[in-house]
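Here the structure is laid out as structure tokens; the discussion comes afterwards.
The values are calculated or read from the model by the stated rules, or taken from the named source; none is laboratory data. Note that the structure is a prediction, hence the values are computed from the model and not measured. Backbone-built Cβ (ideal geometry, glycine too); neighbour counts: all protein chains shown.
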Amino acid sequence: MSHPDPGFVSMSFDSDTQRKIVSHQRTWSPYVDNGGTVLALAGRDYAIVAADTRLSVGFSIPSRNFTKIVQLTDQAVLASAGMGADRQYLHKILRSRLEIYRYQHQKEMSLGAIAQLLSNTLYSRRFFPIYAFNVLGGIDANTGEGFVFGYDAIGSFEKVKVVCSGSGQTLVQPVLDQQLAGRQKYDVPDDQRMASLSLAEAIELTRDVFNSAAERDILTGDALELYAVTASGVRCERFELRRD
Amino acid sequence: MIETPTHTTEPIVTGSSVLGVQCVDGVVLACDTLASYGSLARFQRITRLHQPAPGVVIAGGGEYSDLQQLFRITDNIFRQEFCQEDGYELSPRALHSYLARVLYGRRSRMDPLYNSLAVAGKGRFLGCIDLYGTAFESEAVATGIGALLALPLIRKQWHAALAMDEGVRLLEECLRVLYYRDCRALRSVQVAKVSDSGEVLISEPYELSNLQWKVAQAAEEV
């Protein structure tokens, strides 16, 4: 009965549905995809959270310098791809929740707790999702070991060693898998591959994959913002990417 | 299921592009003075620039009634701030952030204010907001079709030492291009200058000069 051709509209539709079909009225979408690629990578005593700074709307670039990363604590950094406005909202409420936590507990929220808070925040909007694809990176306050978490838009999350989200995900994630977590290298055991990667090497790899993504993904480019989380704090670096 | 209100998702009376550029001594905004009713150039001498407080100017495109509502909202928050009498002044950046929350809140209620805004203020502030609530600061902004036609021109001509008078000329040139190519643009334009110290100059509507239509004759001869 749900034939799209107006000629086949049956009286069994309610009047509102019928009006929409006949007038071909499209409902307004509250979502827009602003593109961008985010990445998080954890080593033995550090974590890297990186993202490009391009803001795209369709084929145009309203901003070349739009940050996708927020530093939540001295041990946790969050990057989100997807819709720009939803990201700004999410970062704002997370920052305020952490501020409240600081006042109430006189300490920073731990990385694991932030990971769960983010999941709950996303899931609280299960039926009107926040269109943001998050990667959270940081170090464990007790052990000093780096960890990253990857999310979907409604709060499912996974603790991993390396994750990439956003418009360049399909280009970047396979490379990271092969280089760092892959099953195709037999010379080095899996658990040692990440552990043996130094921070400087990880930064080089991150720059390489972002330059590669910027070559083929039109929604990724302009600049790379890179946050390196170590026991001595968070360091932010910026590198240029191609701007076309 | 929440019923979607549809009356604000179809703009009726609309303004076209808004342009803005950061200069070495302030910020310049520019737009034309037209509010179109579909393809009809319905209101030709309206202003799309608004100064809610000293040192702040906002300019907007999209649904004109929503724009007037936003102007009223900004007037009200500045009036409330003024009545506090605590010597505190709402900064342009704060207003930009506030308007972004207003627009984001409305889009989240599926009842958007159908506008894109440029916010300029003292301290060389220039920001941009769209109907989804996407907000950012930039040295060059252009909304609507201006994002496609004017923004590349502004970015190409922009440099860190751009003076405000040069900025005005640059935006005039962009408005000229828009008048040639944007069917919803008008020759009558307005420019706002906000200096670093917060001095605001909003021009009366004036006509773009030096329009060149000779190319149209060449097209006829072919």
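Structural remarks
- Residue among A:94, A:72, A:98, A:136 that is away from every other protein chain (no Cβ under 12 Å) and surrounded by 24 or more Cβ atoms within 10 Å (Cβ to Cβ): A:136
- Of all residues in the stretch B:93-110, those that are at the interface with chain A (Cβ under 9 Å from one of its Cβ atoms) have Cβ atoms under 8 Å from Cβ atoms of residues that are in a helix (DSSP H, G or I), 6 or more apart or on another chain, in B:100/A:85; B:100/A:88; B:104/A:85; B:104/A:88; B:104/A:89; B:107/A:85.
- Restricting the stretch B:87-102 to residues that are among the charged types (D, E, K, R) and modelled with pLDDT of 95 or more, the residue that is farthest from residue B:127 (Cα to Cα): B:101
- Filtering the stretch B:120-133 to residues that are touching a helix residue (DSSP H, G or I) at 6+ places or on another chain (Cβ under 8 Å), of a type in the set (A, V, I, L, M, F, W, C) and within 14 Å of chain A (Cβ to nearest Cβ) leaves B:129, B:131.
- Any hit, the stretch A:86-98, residues being of a type in the set (Ser, Thr, Tyr), more than 29 Å from residue A:242 (Cα to Cα) and part of a loop (DSSP other than H, G, I, E, B): no
- Within the stretch A:140-176, being surrounded by 24 or more Cβ atoms within 10 Å (Cβ to Cβ) and either without any contact (Cβ under 8 Å) to a residue 12 or more places away in the chain or among the β-branched types (Val, Ile, Thr) (or both) holds for A:148, A:162, A:163, A:172.
- Wholly enclosed strands (runs of 3 or more DSSP E) of the stretch B:1-72 bearing at least 1 residues among the polar types (S, T, N, Q) and in contact with a Lys or Arg (Cβ under 8 Å, 6 or more places away or on another chain): B:13-15, B:18-23, B:35-37
- Test: residue in the stretch A:176-193 that is in contact with a Leu (Cβ under 9 Å, 6 or more places away or on another chain) and either on the phi > 0 side of the Ramachandran plot or modelled with pLDDT of 95 or more (or both): no
- Leading residue by the ranking (surrounded by the fewest Cβ atoms within 10 Å (Cβ to Cβ)) among those in the stretch A:75-89 that are within 11 Å of chain B (Cβ to nearest Cβ) and either farther than 19 Å from residue B:133 by Cα or in contact with a helix residue (DSSP H, G or I) (Cβ under 8 Å, 6 or more places away or on another chain) (or both): A:89
- Considering B:184, B:169, B:155, the condition of being touching a residue at least 24 places away in the same chain (Cβ under 8 Å) and either in a strand (DSSP E or B) or of a type in the set (Lys, Arg) (or both) is satisfied by B:184 alone.
- The listed residues are B:36, B:17, B:65, and the only one of them that is closer than 16 Å to residue B:146 by Cβ, surrounded by fewer than 24 Cβ atoms within 10 Å (Cβ to Cβ) and either among the small types (Gly, Ala, Ser) or modelled with pLDDT of 95 or more (or both) turns out to be B:36.
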